[in-house]
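The values are calculated or read from the model by the stated rules, or taken from the named source; none is laboratory data. Since the model is a prediction, treat every value here as computed from it, not as a measurement. Cβ atoms come from the backbone with ideal geometry, glycine included; neighbour counts cover every protein chain shown.
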Amino acid sequence: MRTLEAQARTGVVVDEYGNTGEEGAARRDEAVRGAVERGLLGPDAPVVGLLDVTGIRESARELRAAFDAVTAPGTPVLHAFAVKATPLVPVLRLLREEGIGAEVASPGELALARAAGLSPARTVLDSPAKTAAELREALALGIAVNADNPQELDRIDGLMRSAVSRSPLGIRVNPQVGGGSIGATSTATETSKFGVALRDEGAREWVVRAYLDRPWLSRLHAHTGSQGIPLSLMVRGVEETYALAEEINGRIGRPQIDTIDIGGGLPVNFASEATAPTYTEYARALRAGVPGLFDGRYGLVTEFGRSLLAKHGTIVARVEYAKSAGGRPVAVTHAGVQVATRTVYVPGSWPLRIAAYDGKGRPKSGPEVVQDVAGPACFAGDLLAEGRALPLLDQGDHAAALDTGAYYFAHHYAYNSLARPGIYGFVPDPQTGGVRFATVRDPQTLASIVAESGGAHVGALTTLHTPGSR
């Protein structure tokens, strides 16, 4: 099979089953048209988020099948969705139905997981800044916790002395195997803020001693992957973690560490419709590189996020005006920095594909024209795409930002007090040949914006007076 890079250059990516993502693209096209017809997208609702429920279910099943194929029968495996990727309660409930748990990194994310019905036994708490209250709650509920550093482990020591907990407990380590092409999302660099840096002087021995002194530590956690990280580096991170688990169990003389949490971070192909790399490719690479991880001696936890949701979300925005500047056409839309923050601020690392639809939500054809697709925010760099060749977007058309199901429309950035868009899930309707929609999140109201901006305290500052001011 050709490498991902080579396939991306051709614009066609084919996975190991020969899939190119065309079915998902067809579902998306129908959903855009349906959203316009139903009034979910139009003059009064100029930007929406759409989630392909069929695609999400397929990804969850592919994840489970990929790891089932390489693990020994009977191996305990928990796939915990990284809630930060798409923090929406209906999404978490859908994934729960598909056998996926939750990895949370804040009290808010834990509250979302609990609202979706995720049990403590299928929840993992990871965060570099857990408060004493967060730890106390997690231990009381029986949620798995990975301590990020020695001071946090000291806190857990105190809590364990005061009350017995059912929580599986472990330590997060940083194997320091290096970064990828996006520095901000590389978690296993020499100076990463996450986990105990294993190659620092004395750190490895401290980790071993921590397990020797605490029989209740039973897990080991590391997260190497993210967007921009090659599979080979991800496998190296897991290899280092597995070797440490073997060393610790050998020193103790029994299998005290019974579960290894390998994190998530499978990168996403933003160059075409196809999913690449796949969970199957990653699971096979892990099996080849770390065979002992899958022989049944260790339970397994994964924490995938972007790879489960990215390909199944679309932001669609109405073109409010079509103009030109310096001879280049500019489509001014209602989707910009508020929904695609990373792309707007760091376009070289986070480019998005843009699809053009006409005023009725139908894919737009015609000769491609180099143009900018701009957002509504009041600064010049608010661009979804710059100098992009697309069928010419006219006033009343729609521009769709593809592959935005993770880290995009559910991570609103309130620049210019722009409202959060409504989000809708969709499935094909075989009875009508159309699309069925369900509301995932209502559009934000202006009253809500005022309330979140201190509307209830409108006169608060005028009641404060400095000495001598009156």
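Among the residues of segment 38-46, is there at least one that is assigned to a helix (DSSP H, G or I) and surrounded by fewer than 20 Cβ atoms within 10 Å (Cβ to Cβ)? Talk me through it step by step, then tell me what you get.
Step one: filter segment 38-46 for residues assigned to a helix (DSSP H, G or I), giving 38.
Retained after the next criterion (residues that are surrounded by fewer than 20 Cβ atoms within 10 Å (Cβ to Cβ)): 38.
There is at least one residue in segment 38-46 that is assigned to a helix (DSSP H, G or I) and surrounded by fewer than 20 Cβ atoms within 10 Å (Cβ to Cβ).
Limited to segment 341-368, what total is found for residues that are farther than 23 Å from residue 27 by Cβ, aliphatic (A, V, I, L, M) and assigned to a loop (DSSP other than H, G, I, E, B)?
Total meeting the criteria: 1.
Report, by residue number, each residue of segment 264-281 that is closer than 18 Å to residue 68 by Cα and surrounded by 22 or more Cβ atoms within 10 Å (Cβ to Cβ).
Within segment 264-281, 264, 266, 279 meet the criteria.
Among all residue pairs at least 6 apart or on different chains, which show Cβ distances below 7 Å where the first residue, located in segment 81-101, is farther than 12 Å from residue 111 by Cα and the second is of a type in the set (S, T, N, Q)?
From residues that are farther than 12 Å from residue 111 by Cα, the pairs are 101/123.
Results for (1) crowded, with 19+ Cβ neighbours inside 10 Å; (2) farther than 27 Å from residue 62 by Cα, shown as yes or no for each residue.
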site	(1), (2)
288	no, no
301	yes, no
321	no, yes
334	yes, yes
347	no, yes
354	yes, no
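Any idea which of 371, 338 is in contact (Cβ under 8 Å) with a residue 12 or more places away in the chain, surrounded by 21 or more Cβ atoms within 10 Å (Cβ to Cβ), assigned to a strand (DSSP E or B) and among the polar types (S, T, N, Q)?
On the way: 338 fails: assigned to a strand (DSSP E or B).
None of the others qualify; the one that does is 371.
Within segment 259-318, track down each residue that is among the hydroxyl-bearing types (Ser, Thr, Tyr) and either in a loop (DSSP other than H, G, I, E, B) or touching a Gly at 6+ places or on another chain (Cβ under 9 Å) (or both).
Listed by number, the residues that qualify are 259, 272, 275, 278, 282, 298, 302, 307, 314.
So, residue 50, is that one closer than 27 Å to residue 277 by Cβ and in a strand (DSSP E or B) or not? Lay out the reasoning, then the answer.
Numbers: closer than 27 Å to residue 277 by Cβ: yes; in a strand (DSSP E or B): yes.
In short, yes.
Search segment 153-169 for residues that are of a type in the set (Ser, Thr, Tyr) and pair each with any residue that is assigned to a loop (DSSP other than H, G, I, E, B) and at pLDDT below 95 when their beta-carbon atoms are under 7 Å apart and the residues are at least 6 apart or on different chains.
Once the first residue is of a type in the set (Ser, Thr, Tyr) and sits in segment 153-169, no partner that is assigned to a loop (DSSP other than H, G, I, E, B) and at pLDDT below 95 comes close enough.
Residues of segment 65-79 being at negative phi and part of a loop (DSSP other than H, G, I, E, B), which ones? Let's see the steps before the verdict.
From segment 65-79, those at negative phi are 65-73, 75-79; that's our starting set.
If the condition is that a residue be at negative phi and part of a loop (DSSP other than H, G, I, E, B), then 69, 70, 71, 72, 73, 75, 76 are the ones that fit.
Does residue 365 satisfy the criteria of being in contact with a strand residue (DSSP E or B) (Cβ under 8 Å, 6 or more places away or on another chain) and of a type in the set (Ser, Thr, Tyr)? So that I can check it myself, show each step before the final result.
Values: in contact with a strand residue (DSSP E or B) (Cβ under 8 Å, 6 or more places away or on another chain): yes; of a type in the set (Ser, Thr, Tyr): yes.
Yes: the conditions hold for residue 365.
Going residue by residue through segment 188-197, is there one that turns out to be surrounded by fewer than 13 Cβ atoms within 10 Å (Cβ to Cβ), assigned by TED's automatic domain parsing to the domain that holds residue 236, modelled with pLDDT of 95 or more and not in a strand (DSSP E or B)? Before the answer, list the steps.
The initial filter retains those residues of segment 188-197 that are surrounded by fewer than 13 Cβ atoms within 10 Å (Cβ to Cβ), namely 190-191, 193.
Restricting the remaining residues to those that are assigned by TED's automatic domain parsing to the domain that holds residue 236 gives 190-191, 193.
Okay, now just the ones that are also modelled with pLDDT of 95 or more, so none.
Checked against the condition, which is being surrounded by fewer than 13 Cβ atoms within 10 Å (Cβ to Cβ), assigned by TED's automatic domain parsing to the domain that holds residue 236, modelled with pLDDT of 95 or more and not in a strand (DSSP E or B), segment 188-197 yields no hits at all.
Of 97, 103, which residue is under 21 Å from residue 57 (Cα atoms), buried (at least 21 other Cβ atoms within 10 Å of the Cβ) and not aliphatic (A, V, I, L, M)? Even if it seems obvious, please write down each step before you answer.
On the way: 97 fails: buried (at least 21 other Cβ atoms within 10 Å of the Cβ).
After ruling out the rest, the residue left standing is 103.
Check off (1) closer than 28 Å to residue 340 by Cα; (2) touching a residue at least 24 places away in the same chain (Cβ under 8 Å) for residue 77 and give me the number that stays unchecked.
(1)
Which of the residues spanning segment 16-26 are assigned to a helix (DSSP H, G or I) and more than 10 Å from residue 312 (Cα to Cα)?
We begin by selecting, within segment 16-26, every residue assigned to a helix (DSSP H, G or I); these are 22-26.
Within segment 16-26, 22, 23, 26 meet the criteria.
Just to be sure I understand the filter: pairs with C-beta atoms under 9 Å, separated by 6 or more residues or on different chains, first member in segment 383-402 and in contact (Cβ under 8 Å) with a residue 12 or more places away in the chain and closer than 16 Å to residue 365 by Cβ, second member outside any strand (DSSP E or B) and of a type in the set (Ser, Thr, Tyr). Which pairs pass?
Listed pairs, sorted by first residue: 391/365.
Give me the pairs, please: first residue somewhere in segment 428-439 and part of a loop (DSSP other than H, G, I, E, B), second residue anywhere and loosely packed, with under 10 Cβ neighbours inside 10 Å, beta-carbon distance under 8 Å, and either six or more positions apart or on two chains.
Matching pairs, first to second residue: none at all.
I'd like to know if segment 198-211 contains one or more residues that are part of a strand (DSSP E or B), touching a helix residue (DSSP H, G or I) at 6+ places or on another chain (Cβ under 7 Å) and surrounded by 21 or more Cβ atoms within 10 Å (Cβ to Cβ). Outline the logic, then answer.
Restricting attention to segment 198-211, the residues satisfying the condition of being part of a strand (DSSP E or B) are none.
No, every residue in segment 198-211 fails to be part of a strand (DSSP E or B), touching a helix residue (DSSP H, G or I) at 6+ places or on another chain (Cβ under 7 Å) and surrounded by 21 or more Cβ atoms within 10 Å (Cβ to Cβ).
With (1) crowded, with 17+ Cβ neighbours inside 10 Å; (2) of a type in the set (Lys, Arg); (3) modelled with pLDDT of 95 or more as the list, and residue 236 as the residue in question, which single condition is left unmet?
Residue 236 satisfies all of (1) crowded, with 17+ Cβ neighbours inside 10 Å; (2) of a type in the set (Lys, Arg); (3) modelled with pLDDT of 95 or more except (3).
Out of 325, 317, 374, 340, I need the residue that is out of contact with any helix residue (DSSP H, G or I) (no Cβ under 9 Å at 6 or more places or on another chain), farther than 23 Å from residue 410 by Cβ and not β-branched (Val, Ile, Thr). Which one? Talk me through it step by step, then tell me what you get.
Numbers: 317 fails: farther than 23 Å from residue 410 by Cβ; 374 fails: farther than 23 Å from residue 410 by Cβ; 340 fails: farther than 23 Å from residue 410 by Cβ.
None of the other options fit; the residue is 325.
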